[in-house]
Number of protein chains: 2
Amino acid sequence: MHHVRFRDPAGAVRTGEWHGDSVSFGGERYDLDEVDVLPPCEPSKIVCIGRNYAKHAEERDEEVPDRPLLFLKPPNAVAGHGDTVTLPAGKENVEHEAELAVVIGEQCRNVAAEDAEAVIAGYTVMNDVSNRDDQDIETNWVRGKAFDGSAPLGPALADPDHLPDDASISLRVNGETRQDSSIEHLIFSIPDLVAEITSYMTLEPGDVISTGTPEGVGPLEDGDRVEVEVEGVGVLEHRVRQD
Amino acid sequence: MHHVRFRDPAGAVRTGEWHGDSVSFGGERYDLDEVDVLPPCEPSKIVCIGRNYAKHAEERDEEVPDRPLLFLKPPNAVAGHGDTVTLPAGKENVEHEAELAVVIGEQCRNVAAEDAEAVIAGYTVMNDVSNRDDQDIETNWVRGKAFDGSAPLGPALADPDHLPDDASISLRVNGETRQDSSIEHLIFSIPDLVAEITSYMTLEPGDVISTGTPEGVGPLEDGDRVEVEVEGVGVLEHRVRQD
């Protein structure tokens, strides 16, 4: 099943089922244009992974790290399916990064890789929107990666069995394919990421681990329409604007 | 007034008044050993400032930045007055950093420096506990600065008028003074920090800006008792353990 959070026509927030072109809850079915699709979870933090595909590290002229490169996005970064993200003002180079996102199902700490499956609620899709103007000159990527709307997330939470081991991951801007790879190429596996992160910090239900982006990152501009797809998980759509 | 959140002897969470050796709520007064003092706010994020005192940048062999160096601590980092923080396992060099922390009072974005006062609920005290083993070798300071318990915060939220412009800031380990300076030496002022941060992201009520540490940082070890004091704001006490 694919679980979706949405605001129904009466304004109530529901967690129902995603059907691609409609959503349902309590025996009622709604077309997407009748509802407001909300982010599929409410993370207290998003733990992101940098350079987790070798060809992306290469295109950014960076080495592949010898352990996961971690960085953080706070709750203000979250945006939903169908939202329009306002890019930071006055920046020349803001880029898309298609990512498979892991959603945590229970509070956990010190989880061994072999036990990671038990704490994963499911998967969703994220665009790790990245303001390179600042990212490339700051010590920690806060202006670069943690600005409002820098984490469009959705459309739904897919149960774990929907994700093939070799799921394709792709991103299109205005219909043109920019990124096209497979999660087979992840350097650090999802169980290894859960183990590494929880050896330092508690993860809470709804927290997100975003697993990194493959090669093909590129610019976003005012008015662009972005689709990020992970096979079996879903297609996240959003727009961007720049004032 | 100094506002304190605490769990009363019946287990109810109260927001009352801090009197130094006791707390009160609804006409009842409790000795500190009768209650559990909680962190004075529940931040969705802590935005921290690195190298905001010149002598600390110098002791870390770093340049003073030309704009605020920002990094993040998530909610799992928060600990309270009187708590015992478990340091990350197997690390050689974990250090204390005494900081003045600003608590935000209302949701805000794009706040001009001259309007910053209106969004500040008050001040508290933070120890930015820092795991140098990891911090010194990672790109973003997540293992180094965002681990569980890395942000002891408290004991109370002091109304803004309690903070002198030249407030002393100090830290003692087992009674021995390690840090002793004044917020006069802040490189970037609090209004400038509010303006810079909110030009990128929304701050929520209870969010914290921790303003950086003066010189004198040093090691913490199993069993240490730490007191961090900001004149007019309060004395945060906590212990550390290392398994």
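Annotations
- Filter on B:K91/B:K145; A:K55/B:K45; A:K145/B:K45 - keep pairs with C-alpha separation over 24 Å: A:K55/B:K45
- Chain A, dipole about Cα centre (Lys/Arg Cβ +1, Asp/Glu Cβ -1), debye to the nearest 20: 640 debye
- Label-reachable residues, the range A:67-96, where backbone N falls under 11 Å from a point 7 Å from B:A112's Cα toward its Cβ: none
- Per DSSP, loop GluC sites (Glu not before Pro) in the range A:49-79 with at most 15 further Cβ within 10 Å: A:E62, A:E63
- Virtual spin-label span in nm between A:S199 and A:D159, 7 Å along Cα→Cβ: 3.3 nm
- Interface A-B: total buried accessible area of about 2700 Å², 1.4 Å probe, protein heavy atoms only.
- Sorted shortest first, the separations between the B:T139 label point and its copies elsewhere in the assembly read 1.7 nm; each point sits 7 Å from Cα along the Cα-to-Cβ line.
- Simple label model, 7 Å out from Cα along Cβ direction - B:K91 to A:E184, nm: 3.9 nm
- Solvent-accessible area assigned to carbon and sulfur over the range A:15-114 amounts to 38 percent, based on a 1.4 Å probe.
- Inter-copy spacing of A:E58 label points, which lie 7 Å from Cα along Cα→Cβ, given in nm from shortest upward: 4.8
- In the range B:135-182, burial by the other protein chains removes 50 Å² or more of accessible area from B:T139, B:N140, B:V142, B:R143, B:D148, compared with the chain on its own (1.4 Å probe, ligands and nucleic acids ignored).
- Beta bridge orientation in the range A:79-153: antiparallel %, DSSP, nearest 5: 85 percent
- Within chain B, helix-based [θ] at 222 nm, where runs of 4 or more DSSP H residues each add -39,500 (n - 2.57), nearest 500: -2000 deg cm²/dmol
- Under the criterion of Cα pairs below 8 Å and six or more residues apart, the relative contact order for the range A:36-125 equals 26 percent.
- Under a Gaussian network description of chain B, with springs only between Cα atoms under 10 Å, the residue in B:S44, B:S210, B:S170 that fluctuates furthest is B:S44.
- The residues of the protein assembly as shown have, on average, 39 Å² of accessible surface per residue, using a 1.4 Å probe with all protein chains present.
- Intensity falloff of the range B:39-241 expressed as log10 I(q)/I(0), Debye formula with alpha-carbon point scatterers, at q = 0.08, 0.15, 0.19 Å⁻¹: -0.22, -0.85, -1.46
- Burial of accessible area (probe 1.4 Å, heavy atoms of protein chains only) in the range B:17-51, relative to its chain alone, reaches 40 Å² or more for no residue.
- Ascending list, in nanometres, of distances separating the A:A113 label from those of the other copies (7 Å, Cα toward Cβ): 4.9
The values are calculated or read from the model by the stated rules, or taken from the named source; none is laboratory data. Treat the numbers as computed from the prediction; the structure is a model and nothing was measured. We place every Cβ from the backbone using ideal geometry, glycine too, and count neighbours over all the protein chains shown. For the accessible areas, the whole protein counts, side chains as well, though only heavy atoms, and no ligand, DNA or RNA atoms are used. Shrake-Rupley method; radii C 1.70, N 1.55, O 1.52, S 1.80 Å.
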